[in-house]
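Read the structure below first, then the notes.
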Amino acid sequence: MAAIRISALKTAKAGEIIELKALIRHKMETGFRRGSRGEAIPRDIITHFVCLYNGEAVFEADFFPSVAANPFLIFYTRATESGTLEFRWTDQHGTVSSQTANISVES
Amino acid sequence: MKPEQPSTDIDRRAFLVGGMGLAVASFLPLSTKAAPADMQAAVKELFGDRPLQEGGVTITIPPIAENGYSVPLTIDVDSPMTPEDYVKKIAVFSPRNPIPNLVQFTLGPRTGLARVSTRIRLAGTQKILVVAEMSDGTLKSAAAETMVTVAACIIG
Amino acid sequence: MRHFRWPLIGLLLGALSACGEEPASDSVRETGLAPDTIVSGYAFLTPETQSEQDDDFLNPANLWVDEGGKLFLSETGVSAACASCHGEGDMRLDGAATRYPTIDHASGELVNLEGRINLCRTRHQQADPLEYESEPLLSLTTYVASLSRGQAISTALSTDEQVFYEVGKTYFNTRRGQFNLSCRECHDLNWGKQLRGDTISQGHSNGFPAYRLEWQTLGSLHRRFRDCDAGIRAEPRTYGSADYLALELYLRVRAQGLPMETPAIRR
């Protein structure tokens, strides 16, 4: 599985807007580059990202070849209940990489 | 002194051949550069004929990009992000990259704050377009220009 | 002429002559940069890239630091992990990277950090050496170097290191390649000026292994040297070659105590 870094607050108050960060190691090969002998290098990219909060999608991103290598996202969500945040990336081959963070929400 | 055997990643003869091939290829009218028309077509494909209203969208992008391979981008859309009034989708388009769609984000009332940051690749100086679709179907948009310069030493 | 050359004449001849130019100065420690003008490559980055480097999360090079940290803790070969020796007390590696390249006393060879990691693997861990530019070696090197972040690069030069220093200094000051440029032409004499869209830096090594935007990944200093040589259309040396090791030593001393920034972001 690719190297991943995620950042999420461990505790939050109910209703608080929290910042989430996600970074994953991936070449994001565009498919437009050529090798040293002029050969085309095939596309190989992550195509989708989703953040699931206790199983419900709260943020999604569709990546195209123009997303920089080692894709990085900062986004937000409202802290509603305690549970698990899952950060999930899917590449064009359907391979999934994911990491979770637990969050404890005080009312 | 005999030079060491060159390794595969910089094979000098191959580099020259590849480099010449690249130089020739850059003059051919290949579909590796999008035109503003392609960008308009991509906006239409995603959002139909709805008019784009300027305002309510702020793009933060450096005026001069350090390197076209990694340009930091932050988008802010004015919205209370309540179940009655929220941002559904944010799409970023390019008039110059080989594919006009750069990245798309799907938000919802739970998102809380309609702000996203990421890093994109830009194939040259251009004005990117950001379109935000609101929950009531209206489209807000903004555009921002950034200069992408050529690196000092080009080694292919 | 060989042993006595005034800096002014040397500069003039340097500007006019072909390959094989000798260094302009006699003094062992004198480099082409005045001490009060030394500045890191960081200073030549845009504010956005600088804040990216400073942000522990945003800096993509930290993905390699994370991996390196895991490798440092995991068992390798038939022996214990790096951390089993280097985890505590005197053997901790904080500050260790500032001293490299240096002479390995057992062999008398000049080694850089990558070389030292491999010597540890073969001598103490019964493990195979890692290949240059392989992900594990990049990760370990970046992790160990990151333990010295913020610390001044050592300017120490022992007697047995001096011969390597001279080789490195000669390499730095020798014109080469189709463009007939030496490192000195750009990085001593024209730093701060524009070369196409870039501002020429002083060419310090204090951020390496670094995440280079042009590579879209993290790479070693020798990879950067190879790009420099290719950039002036000279034959790049191999990774870990004697020339590059000597050049790395020269750069260490030339940095005159610049703090280490590994892992840095560079263009």
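Quick look at the values:
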| item | result |
| --- | --- |
| Helix-only CD estimate at 222 nm, as mean residue ellipticity for the protein assembly as shown, using -39500 (n - 2.57) per DSSP H run (n ≥ 4) | -7500 deg cm²/dmol |
| Three-way shape label, segment B:33-74, alpha-carbon gyration tensor, a/c 1.5 | oblate |
| Peptide B:67-78 - average C-beta neighbours from other chains (10 Å radius) | 5 |
| Segment A:31-96: GluC sites (Glu not before Pro) falling in loop per DSSP and having at most 12 other Cβ within 10 Å | A:GLU39, A:GLU81 |
| Test item: Cα-centred dipole of the protein assembly as shown, Lys/Arg +1 and Asp/Glu -1 on Cβ, debye | 1160 debye |
| Burial ranking of peptide ranges B:94-107, C:190-203 (average Cβ count within 10 Å, highest at the top) | B:94-107, C:190-203 |
| Rounded to 10°, Cα long-axis angle of helix C:62-73 versus longest principal axis of chain C | 50 degrees |
| Folded to 0 to 90 degrees: helix C:135-146 orientation relative to chain C principal axis, Cα | 80 degrees |
| Cα centroid separation, segment C:31-58 to segment B:135-154 (Å) | 26 Å |
| Taking B:LYS140, C:LYS70 and counting other C-beta atoms within 10 Å, the order from fewest to most | C:LYS70, B:LYS140 |
| Test item: Cα-centred dipole of chain C, Lys/Arg +1 and Asp/Glu -1 on Cβ, debye | 720 debye |
| Shielding by partners, peptide A:20-28 (average Cβ within 10 angstrom, other chains) | 3 |
| Shape of segment C:62-146, Cα gyration tensor, a/c cut at 1.5 | rounded |
| Inter-part distance where segment C:127-142 and segment C:215-267 are each reduced to a Cα centre, Å | 16 Å |
| Proxy reagent accessibility, fewest Cβ within 10 Å first, across C:HIS204, A:HIS48, A:HIS93, C:HIS86 | A:HIS93, A:HIS48, C:HIS86, C:HIS204 |
| Unsatisfied cross-links (Cα-Cα over 31 Å) in the set A:LYS27/B:LYS89; A:LYS13/B:LYS89; A:LYS10/B:LYS89; A:LYS21/B:LYS127; B:LYS127/C:LYS70 | B:LYS127/C:LYS70 |
| For a label point 7 Å along the Cα-to-beta-carbon line of A:ALA101, residues of segment A:28-68 with backbone N under 18 Å | A:49-61 |
| Nonlocal amide H pairs with A:HIS48, under 5 Å, H built at 1.01 Å | A:PHE63, A:THR90 |
| Prolate/oblate/rounded label for segment C:186-267 (Cα gyration tensor, a/c 1.5) | rounded |
| Positive-end residue, chain C charge dipole about Cα centroid, Cβ charges, pick of C:LEU249, C:VAL65, C:ASN180 | C:ASN180 |
| Estimated dipole of segment B:32-148 in Debye, rounded to 20 [Cβ of Lys and Arg +1, of Asp and Glu -1, Cα centre] | 380 debye |
| Packing-based exposure ordering (other Cβ within 10 Å, fewest first) of C:SER79, C:SER148, A:SER36 | C:SER79, A:SER36, C:SER148 |
| Using alpha-carbon coordinates, inclination of helix C:7-16 to the longest axis of chain C, degrees | 90 degrees |
| Part-to-part distance (alpha-carbon centres) for segment A:1-48 and segment C:163-189, which is given in Å | 39 Å |
| Loop GluC sites (Glu not before Pro), segment B:74-156, which have at most 13 other Cβ atoms in a 10 Å radius of their Cβ (DSSP) | B:GLU84 |
| For chain C: relative contact order, % (alpha-carbon pairs under 8 angstrom, 6 or more apart) | 27 percent |
| 10 Å Cβ neighbours from other chains, averaged over peptide B:117-126 | 5 |
| Percent RCO, i.e. relative contact order, over chain A, from Cα pairs under 8 Å lying at least 6 residues apart | 33 percent |
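No lab work stands behind these numbers, since they all come straight from the coordinates. Small disclaimer: the values here were computed from a predicted structure and weren't measured. Note: ideal-geometry Cβ built from the backbone for every residue, glycine included; neighbour counts use all protein chains shown.
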